[in-house]
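To start, the structure itself, in structure tokens.
The values are calculated or read from the model by the stated rules, or taken from the named source; none is laboratory data. All values derive from a computational prediction rather than experimental measurement. As a convention, Cβ positions derive from the backbone with ideal geometry for all residues, glycine included, and neighbour counts pool all protein chains shown.
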Amino acid sequence: MKKAFYSILFFFSVPICNAQLVYSLDDDAGHIARMEKEAEAAKTDSAKAYAYLKLSSLCRLIGDTNKIRDYLNKGIALSKPGSFTEAASWFYKAQKLYAGGNIPAIEEHLLKGDSALKAFAHPEACKVRGYILHAYGTLQQMKGSEKDAMDVFLNRALPLAKQSGDAYLTGNLEKAIATVFMNANKRDDATGYLKQAIDHIEHSDVNNPMRIEALVEVNVYAAENYIYNHQLDLAKPHLDKAGRILAPSPRSNLYLTYYYAEGIWFDRNKRYTDAVNSFDKAIGLGKADPRAIYSVNRLKGAKYKSLISNKDYKGALVVLHELVNSPALINTDKRIWYKDLASTYAAAGNKSEAYNWSARYIVLSDSLYEAKFEKDVVELEKKYKEAENQKKIALLQAANEKAALKMRNNQLLAGLLGGSSIFLLALAILGWLYYRNSKKLVVQKELSHQQQLKDISQQQQLKLAGALLQGEERERKRLAGDLHDGLGGMLAGVKINLSRLSPAAQEEVFTKDLPVIINQLDRSVNELRRIARNMMPESLLNSGLETALNEICESFTTPALAVDFQAYNIEKDITQDMQVTIFRIVQELLANAVRHAGASTILVQCSQNENTFYITVEDNGKGFRKDQLDAGKGIGLTNVKNRVDYLKGTLEIESAPGAGTTINIEFHVS
């Protein structure tokens, strides 16, 4: 029984598989809220990814399955291939499988994570590997392989924990090693590791949300170990320390472990009433949480032993019946409780029930343990038959009285049924009327809500259309300026030079001015081509979007500016209008970077994943403050934002003075 106890206790301290009981003491929700703010403020994708992965694990403390799923998906999405966060994500994906209880799948994810993280030698990688192997060792312990669990804890996980410098992880692994020794009844060996575990956890990071819970738990472990080692005086200081930590949180489920340890301490000191009171406190707390059913059964087993020691057979029988009716009881324990029921009924003088439970025990065990017990069963059977004969006589005497009473009860029941039927009919009519009126109100509210949504959508579309029209008007003005200032000036120069070439002009005038005029016409033609290409690039029409984007990046490249274009999976079936929009967005972002960034390198990435298109433009220029953007400065970025809003996409800008600028755009192209 002691070995089963420690396996189950460790099962709850690391929430794996079906019953995910997570011990809680302090403000887990407040810590998670702070971590959420830190994640949102992270500057890089890798930092955000790791913060989200850790949040997916922390949210298990508050049982928010939606946040667990969402943060895990965010962390995986931001993890780059081959990165540390991608390798670490296997550990957090394994935690998602805990609820299903599929141990082989959990083990596979954990081992993949450990293998992938071997490529990284920094302390954080060692820390995550330590947690992975901690969980893997716990699974071996749950499967009954204490030897394999000890090998993982001692030879693989603990060295990584020490290498990482994480005192909390080191302390928890030392506690895990101690549980293996406790299950093997090697109390002195367990004592040494528990002392180290307490020291490490006490000196771990105070901002760790699980530190206080672990500190309570490891002191309770130490107390139980001393109690089972018959060192009651050494157990008391650890119980007192755990009690002081728990005192401000009287409803914490950590009291399930504390009251158990306190109860067995009272029991060993023969203070059976105090022991039962401690067990009852914990049982009362555990009944409110279905996940605590194993802990409650463990407490009831200890309570039964104290009641028997106190010769309270009636109370002991109540506890035993609760245990045998528990849905979480395994056959091994059920056999023990059957035998205890038989012996307790015998001690209480109820020979009939003692025989019944003895028979059940025999069937369940498939064998008799000893000759004396078999003889007792035969004697109980003989006494049971004698009691049955006496019972039949008593039943015959009571039969007539029961028949008369039944007749009177039937008459009363008929009257009650008639009145109840009338009442239920009236109640049903009132309920139907209330339901009909409520349904009408719900339909009216839904129609009103849909109309409000439609009005908001129309207003947004009008706003976006107006912004796009303003952008087109600015584009026309720019085009007019190019024609007037550029091409217009060049053609005016050609006209002036041609006017000097009159028929009377001398031949040397023609020889001198004609090449100049031809050169001016060539430049005019090139300028016209440039304007036409800006309006609708020929390569976009003839060669497709990817070629056009490559050419525009090359056109911006100069000896002082390198523009690197990268394209991934760009489909050729994107509509012409959508291709033009994408081209304009990239063109505007490049022009904006050249005009304002002062960069020497610009990276342009365009990719497509099914119907989603991604644009990233990153430069190493001077950057800017976010308040400058919020103030509405920059026509170029405003034009881009209007186009993205029109496409119902998202635009994210990351920039800081001296740190360059990164612009990420995402929208659907279907």
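Some points to look at:
- Answer residue from region 614-648, given it is of a type outside the set (D, E, K, R) and at pLDDT 90 or above and is farthest from residue 604 (Cα to Cα) among those: 614
- Contacts under 7 angstrom Cβ, first residue in region 582-599 being over 17 Å from residue 547 (Cα atoms), partner modelled with pLDDT of 85 or more and among the hydroxyl-bearing types (Ser, Thr, Tyr), 6 or more apart: 597/661
- Summed over region 163-186, residues that are surrounded by fewer than 18 Cβ atoms within 10 Å (Cβ to Cβ) and either within 27 Å of the chain's Cα centre (by Cα) or not hydrophobic (A, V, I, L, M, F, W, C) (or both) total 4.
- Enumeration of residues in region 303-324 that are more than 19 Å from residue 278 (Cα to Cα) and either buried (at least 22 other Cβ atoms within 10 Å of the Cβ) or modelled with pLDDT under 90 (or both): 324
- Selection count where residues are closer than 20 Å to residue 213 by Cβ and of a type outside the set (Gly, Ala, Ser), scope region 154-184: 11
- Residue within region 331-344 that is in a helix (DSSP H, G or I) and over 18 Å from residue 363 (Cβ atoms) present: yes
- Within region 17-45, tally of residues that are modelled with pLDDT under 80 and not in a helix (DSSP H, G or I): 11
- If the condition is being of a type outside the set (Val, Ile, Thr) and within 11 Å of residue 194 (Cβ to Cβ), then region 218-228 contributes 219, 221, 222, 223, 224, 225, 226.
- Filter result for residue 440 (modelled with pLDDT under 60, basic (Lys, Arg) and assigned to a helix (DSSP H, G or I)): no
- Residue list for region 118-162, filter: under 22 Å from residue 47 (Cα atoms) and either surrounded by fewer than 23 Cβ atoms within 10 Å (Cβ to Cβ) or aromatic (Phe, Trp, Tyr) (or both): 118, 119, 120, 121, 122, 123, 124, 125, 126, 127, 131
- Qualifying position, being among the small types (Gly, Ala, Ser) and in a loop (DSSP other than H, G, I, E, B), among 75, 63: 63
- Of the strands (runs of 3 or more DSSP E) lying entirely inside region 581-669, the ones with 1 or more residues being touching a Ser or Thr at 6+ places or on another chain (Cβ under 8 Å), of a type in the set (S, T, N, Q) and under 23 Å from residue 552 (Cα atoms) are found at 601-609, 612-619, 661-668.
- Of everything in region 562-580 that is polar (S, T, N, Q) and not in a helix (DSSP H, G or I), the residue that is nearest to the chain's Cα centre (by Cα) is 569.
- Check on residue 136, in contact (Cβ under 8 Å) with a residue 24 or more places away in the chain and in contact with a Pro (Cβ under 7 Å, 6 or more places away or on another chain): no
- Residue that is touching a Gly at 6+ places or on another chain (Cβ under 9 Å), farther than 24 Å from residue 647 by Cβ and either modelled with pLDDT under 85 or not hydrophobic (A, V, I, L, M, F, W, C) (or both), where the choices are 530, 500: 530
- Number of residues in region 64-107 that are β-branched (Val, Ile, Thr) and closer than 26 Å to residue 29 by Cβ equals 4.
- Residue identified as modelled with pLDDT of 85 or more and charged (D, E, K, R) among 383, 300: 300
- Contact annotation: residue pairs with Cβ atoms under 8 Å, 6 or more positions apart or on different chains, pairing a residue in region 609-626 that is of a type in the set (D, E, K, R) with a partner that is exposed (fewer than 11 other Cβ atoms within 10 Å of the Cβ), are 622/657; 622/658; 625/657.
- Of the helices (runs of 4 or more DSSP H) entirely within region 247-316, those holding at least 2 residues that are among the aliphatic types (A, V, I, L, M) and under 20 Å from residue 234 (Cβ atoms) occupy 255-268.
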